[in-house]
Amino acid sequence: MENKTAMNKAKNEGSLRWITITTLLLAIGVILRMISPSMGGISLNWNIVMYCLAIMLCRPTPEQGLGIGIVAGLVATMTSKAALPYANLISEPIAGYLCAYMAYKRFFDLKIANIKIEPAFMVFITTVISGGIFVTVTKIIINLPINVYLYAMLPTVGIMAILGMIVGQVLYKPANKIFNLNHDAKNKIRYTLDHINLTIEKGSFSIVTGVNGSGKTTLLLAIAGARTNYFGGMKNSNLIVNDIDIIRTELAELNRQVGMVMADYEGQLVTETVGDEIAFSLENLGIEPKEILKKRNEVLNMVGLGGLEDRLITSLSGGQKQRLAIATVLAVDSPILVLDEPIAAIDPEGAIEIYSLLKELNTKYHKTIIVAEHDLKYVSDCVTQLIVLDDGDLKYAGMMDECLNFMYHSKIYPEAIPLKWKIYLELGDKKC
Amino acid sequence: MLNLKDINYSYNKKDKVLDSITLDIHEGEIVAIAGRNGSGKTTLTRIIMGIMNADCGFLQLDGKDITKSIPADMAKHIGYVFQNPDRQLFASSVFEEVAYAPKQLGFSEKEITTSVKKALEITGLTGLEYNSPQMLSRGLKQRLSIASALAAKPKILILDEPTTGQDCRERTILLRLMRKFNLEGMTIILVTHDMDIIAEHAHKVVVLEKGVLKFNGTPLELFSNEKLTVGLGLELPEAVHIGKEYNLGICLTPREIYKKLEERNHAHV
């Protein structure tokens, strides 16, 4: 039997996102630069402000920053009214690289009165670097007098840096709102089950564990087909049980394959007496009364409730009710049994009984068994595969000892490791 | 502080669910009630709470007869946390849920606010005041039930299988909370199937079988006697099993095992 589920997360936010944002902002920068007025030869360098913003929004690697700088340099060369526009081809790539490096390392992750002041710092420093290189290159190549360089060009760079710093700080927040929606965790789609790839062998005994809310029940409901048929919500997934494609199959067909006992097993019992309960599911399948009686006695004997046909269900103990719920599922002869926390609220004696029953069903009747469970101390001698889920991710699936070892060392739900194993692992670690 | 004498109860006047239960619970104790499903554990706690009244027998709280009391009388003294929090929670917000008992008990507006705030703080639910109880996770629901019980400032807290359906992480949080209440002087009555909890936390264990009190003593007394423990439908705690395996004698808690192992290692060195 193969049972593969892959419930995929939507395609990860595109790896080309940084290019899109940078291109857009650079284009806006060019237009703004062309239309903004110049006061006494000084105008705001929108180019630098815009790529600084883009870099802070996407935090690309320094190499990608170099790429952004080269494009910005080309754009500036074509639009600049300066004496030596080609100097931009040197200044912008260097500034882009350094800007991306600073953003990547979060050099200026500072706040004043809860306002992030990183944009002001970043734009200021980038403008100083870019402008500084630009004017220096210009001075050397055109051989301008040192006085012009010191008293006219460098101060201009300073003023442009201050202007850019103000504009950058003001624009950062709205730009972040527009472009960075996906970055907020709350807006990100969080799948209950995310990329679960799992194969459960025929005749195996699997335990699924994980904290509440990690997706255990959802996984079981998916395997039993209830999730897909009643609730939907499966995305980009394949779920195949005994060569049946569960997501695209009618529920009736599936009932024959997978039997499920839910966490609230009492909610699953609908009739008055033990015997009727077993007959109920068989009658629904249109089986002859004679057959039903035979089957009923057979499954009640299997779960150790033989002779209790006429007992009122309300008079049964918790463990007996749980076993009855298992019997109703067995009656349908489904080769796969799925149980959700079968021993919660059951006394220790009942718990041991249920697990020895499940073990017998597994070894003697070759049922494939999948159980969600927190209490791992009862399962150690019957389980062939232990699966641990954490926040919708499958963290490990394998032999019990390997999996417990993994849980212990990677601190995934270590609380569930039975004391015996914990001590064993700790002693092993201390080598004493 | 709580004395039960010859408590009898039956649902249909024929089969006795509780049969002559005599039990004293002292202030500041953690008393665990154990026994098979259907042995009368929950019925006993319900009689203490006044949800049901005993057919015959006496029940005293601090020397006062409470045999015929109703839950409203008891609410001031005893907080009751049901096994299934879904059946206990009804209000539209967490705040309302916790404020219900103090309101019913006629606390002043200010007292209500402070007691709710404190109960939520202790149980780690601060910030969820305006959430709907129904939308909380199972663990948070259970803690909310406890917060609601605490808001009335009871002296005794009854917890009916508080760890059922909880994951191991939430279980640890709940037990730590229980321990904390107890250290602050609260008496705890705990119904549970979990022997590890009993071994580690209870001062006293009471075991019921078919409504009859079969054992009343310390966890050490109970778990030292494997035959008795198993005969009552219970099992030995994991720590006891491991202690035997490593020849450490009777260990009730993991801490004891570690301690004894360390002592042994030192002796070897």
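The values are calculated or read from the model by the stated rules, or taken from the named source; none is laboratory data. Please read all numbers here as calculations on a predicted model, not as lab measurements. Here Cβ is always computed from backbone atoms with ideal geometry, including for glycine, and neighbour counts include all displayed protein chains.
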| query | How many residues are more than 33 Å from the chain's Cα centre (by Cα), under 20 Å from A:Gln322 (Cβ atoms) and of a type outside the set (A, V, I, L, M, F, W, C) if we restrict to the range A:248-285? | reply | 8
| Considering the range B:10-42 alone, what residues qualify as being more than 14 Å from every other protein chain (Cβ to nearest Cβ), at pLDDT 90 or above and surrounded by 14 or more Cβ atoms within 10 Å (Cβ to Cβ)? | B:Leu18, B:Asp19, B:Ser20, B:Ile21, B:Leu23, B:Asp24, B:Ile25, B:Gly28, B:Glu29, B:Ile30, B:Val31
| said: For the range A:341-363: of the residues being closer than 13 Å to B:Thr164 by Cα and among the acidic types (Asp, Glu), which is farthest from the other protein chains (Cβ to nearest Cβ)? | reply: A:Glu341
| field | Those residues of the range A:374-420 which are at the interface with chain B (Cβ under 10 Å from one of its Cβ atoms) and in a helix (DSSP H, G or I), in sequence order | value | A:Leu376, A:Lys377, A:Tyr378, A:Pro414, A:Glu415, A:Ala416, A:Leu419, A:Lys420
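Conditions (1) in a loop (DSSP other than H, G, I, E, B); (2) among the acidic types (Asp, Glu), marked per residue:
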| site | (1), (2) |
| --- | --- |
| B:Ala54 | yes, no |
| B:Phe58 | no, no |
| B:Lys76 | yes, no |
| B:Asp86 | no, yes |
| B:Ala99 | no, no |
| B:Thr126 | yes, no |
| field | Listing of helices (runs of 4 or more DSSP H) fully contained in the range B:160-269 that carry 2 or more residues being β-branched (Val, Ile, Thr) and surrounded by 19 or more Cβ atoms within 10 Å (Cβ to Cβ) | value | B:195-201, B:238-245
| remark: Pairs returned, first residue in the range B:157-181 that is at the interface with another protein chain (Cβ under 7 Å from one of its Cβ atoms), second residue that is part of a strand (DSSP E or B) and surrounded by 18 or more Cβ atoms within 10 Å (Cβ to Cβ), beta-carbon separation under 8 angstrom, 6 or more apart or interchain, are B:Glu161/B:Val191
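Residue by residue, here is whether (1) modelled with pLDDT of 75 or more; (2) of a type in the set (Gly, Ala, Ser) holds:
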site: A:Thr199; (1), (2): yes, no
site: A:Gly215; (1), (2): yes, yes
site: A:Ala226; (1), (2): no, yes
site: A:Asn229; (1), (2): no, no
site: A:Gly232; (1), (2): no, yes
site: A:Ile246; (1), (2): no, no
site: A:Ala252; (1), (2): no, yes
site: A:Gln257; (1), (2): yes, no
site: A:Tyr265; (1), (2): yes, no
| request: Say whether the condition of being within 14 Å of another protein chain (Cβ to nearest Cβ), of a type in the set (Ser, Thr, Tyr) and surrounded by 22 or more Cβ atoms within 10 Å (Cβ to Cβ) is met by at least one residue in the range B:75-89. | output: no
| (1) farther than 28 Å from B:Ile198 by Cβ; (2) of a type outside the set (Val, Ile, Thr); (3) out of contact with any Lys or Arg (no Cβ under 8 Å at 6 or more places or on another chain): which one isn't true of A:Ala345, the others all being true? | (1)
| message | From the list A:Val299, A:Val329, exactly one residue is touching a residue at least 60 places away in the same chain (Cβ under 8 Å), part of a helix (DSSP H, G or I) and surrounded by 21 or more Cβ atoms within 10 Å (Cβ to Cβ). Which is it? | response | A:Val329
| query | Any idea which of A:Leu239, A:Leu171 is in the same structural domain as A:Met400 (by TED's automatic domain parsing), at pLDDT 75 or above and either more than 18 Å from the chain's Cα centre (by Cα) or aromatic (Phe, Trp, Tyr) (or both)? | reply | A:Leu239
| said: Exactly one of these conditions fails for A:Leu425: (1) surrounded by fewer than 19 Cβ atoms within 10 Å (Cβ to Cβ); (2) assigned to a loop (DSSP other than H, G, I, E, B); (3) within 13 Å of chain B (Cβ to nearest Cβ). Give me its number. | reply: (2)
| Out of all the residues in the range A:57-72, is one or more under 19 Å from A:Lys116 (Cβ atoms), part of a helix (DSSP H, G or I) and of a type outside the set (Phe, Trp, Tyr)? | yes
| Test result for B:Thr67, in the same structural domain as B:Gly28 (by TED's automatic domain parsing) and more than 19 Å from the chain's Cα centre (by Cα) | yes
| request: Determine the pairs where a residue that is within 11 Å of chain A (Cβ to nearest Cβ) and on the phi < 0 side of the Ramachandran plot, located within the range B:243-268, has a partner that is acidic (Asp, Glu) and in a helix (DSSP H, G or I) with Cβ atoms under 6 Å apart, the partner being 6 or more residues away or on another chain. | output: B:Thr253/B:Glu200
| request: Search the range B:123-144 for residues being polar (S, T, N, Q) and over 24 Å from B:Ser108 (Cβ atoms), and hand back the single one that is nearest to the other protein chains (Cβ to nearest Cβ). | output: B:Ser137
| said: So A:Leu389 ticks every box in (1) modelled with pLDDT of 90 or more; (2) in contact with a Pro (Cβ under 7 Å, 6 or more places away or on another chain) but one. Which box is left unticked? | reply: (2)
| message | Let me spell it out: the conditions are (1) over 12 Å from the mean Cα position of the chain (by Cα); (2) more than 10 Å from chain A (Cβ to nearest Cβ); (3) assigned to a helix (DSSP H, G or I), and B:Lys153 meets all of them except one. Which number is the exception? | response | (3)
| said: So B:Gly40 ticks every box in (1) closer than 28 Å to A:Ile354 by Cβ; (2) touching an Asp or Glu at 6+ places or on another chain (Cβ under 7 Å) but one. Which box is left unticked? | reply: (2)
| Filter result for B:Thr218 (of a type in the set (Ser, Thr, Tyr) and in contact with a His (Cβ under 9 Å, 6 or more places away or on another chain)) | yes
| request: Say whether the condition of being in a helix (DSSP H, G or I), more than 14 Å from chain B (Cβ to nearest Cβ), out of contact with any His (no Cβ under 8 Å at 6 or more places or on another chain) and loosely packed, with under 13 Cβ neighbours inside 10 Å is met by at least one residue in the range A:250-265. | output: yes
| On the given criteria, is A:Lys411 surrounded by fewer than 16 Cβ atoms within 10 Å (Cβ to Cβ), at pLDDT below 90, at positive phi and of a type outside the set (Val, Ile, Thr)? | yes
| said: If I ask for residues that are assigned to a loop (DSSP other than H, G, I, E, B) and modelled with pLDDT under 80, which ones from the range A:184-195 would you list? | reply: A:Asp184, A:Lys188, A:Ile189, A:Arg190, A:Tyr191, A:Thr192, A:His195
| Odd one out for A:Leu324, checked against (1) crowded, with 23+ Cβ neighbours inside 10 Å; (2) hydrophobic (A, V, I, L, M, F, W, C); (3) more than 14 Å from chain B (Cβ to nearest Cβ) | (3)
